[in-house]
Amino acid sequence: MTRLAIVSIAVGALVVAARLPGLLAPAKYREHLIKFPRSILWGRVLMGLAAAIAWWIMYHAATDEWKWAQTYILIGVPVAYFLVVKFAPHYLAMRGAAALMLMAAKVMVDAADWSESPLRLIITVFAYLWVIGAIWMTVAPHHFRDLIGFMMANDKRCRAACSAGVVVGLGLIMLGVFAY
């Protein structure tokens, strides 16, 4: 199994897992999703996860002539996390999700670069759509909040949006299993 297949299956499974509750219990899903953009708990968790991943990447990237920076990275990332959580709590969940989407998009594009399959462009385009979405979530989180409110206005819209997400996720899983 190639790296692109693994990434495609993992991303597809993530998309399905994020949307399946909206098909099974749309009222409860809508309630949670509408509260998500301003959730302090989710903001701290997602931003903490993004900070931990960034810390790991930067700490291990500082080799040879950058070895001196490891101490600053070790101290700086937790300080940066604390400052962000303390002084920028508005829409922190959206910004944490956006940071994780950017990190996932990098993994997707890197995996697609190593593949020879012409279908790799599907993953590449999907990754760039995630980048656009992450930028939008970071720059104008209130617009994204309003979009969530529109899509989750009633059970019918919720099921339609979640159905589209499940179809996309299953498509990525199928690509990973059969095409890559």
Exercise. Regarding Trp114, is this residue within 23 Å of Met47 (Cβ to Cβ) and either out of contact with any His (no Cβ under 9 Å at 6 or more places or on another chain) or at pLDDT 95 or above (or both)?
Worked result: no
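Looking for whichever is surrounded by 12 or more Cβ atoms within 10 Å (Cβ to Cβ) and closer than 23 Å to His142 by Cα here; the options are Ala97, Ala62. Which one fits?
Ala97
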Exercise. Does the stretch 17-36 hold any residues that are over 17 Å from Phe144 (Cβ atoms), part of a helix (DSSP H, G or I) and small (Gly, Ala, Ser), and which are they?
Worked result: Ala17, Ala27
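Does the stretch 69-78 include one or more residues that are closer than 21 Å to Val15 by Cβ and either over 18 Å from the mean Cα position of the chain (by Cα) or buried (at least 17 other Cβ atoms within 10 Å of the Cβ) (or both)?
Taking the stretch 69-78 and keeping what is closer than 21 Å to Val15 by Cβ, we get none.
No; the residues of the stretch 69-78 include none that is closer than 21 Å to Val15 by Cβ and either over 18 Å from the mean Cα position of the chain (by Cα) or buried (at least 17 other Cβ atoms within 10 Å of the Cβ) (or both).
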Exercise. Going by the structure shown, is Leu4 surrounded by 15 or more Cβ atoms within 10 Å (Cβ to Cβ), within 22 Å of the chain's Cα centre (by Cα), at pLDDT 95 or above and over 18 Å from Ala97 (Cβ atoms)?
Worked result: yes
Seminar exercise, completed: Within the stretch 79-89, the residues that are within 21 Å of Val139 (Cβ to Cβ) and loosely packed, with under 13 Cβ neighbours inside 10 Å are Leu83, Phe87, Ala88
For this session: Could you list all residues from the stretch 37-49 that are surrounded by 16 or more Cβ atoms within 10 Å (Cβ to Cβ) and either of a type outside the set (A, V, I, L, M) or within 20 Å of Asp146 (Cα to Cα) (or both)?
Result: Pro37, Arg38, Ser39, Trp42, Gly43, Arg44
Exercise. Got at least one residue in the stretch 61-80 being among the hydroxyl-bearing types (Ser, Thr, Tyr), in a helix (DSSP H, G or I) and either at pLDDT below 95 or within 29 Å of Thr2 (Cβ to Cβ) (or both)?
Worked result: yes
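The values are calculated or read from the model by the stated rules, or taken from the named source; none is laboratory data. The model shown is predicted, which means the values in this text are computed figures rather than measured ones. Note: ideal-geometry Cβ built from the backbone for every residue, glycine included; neighbour counts use all protein chains shown.
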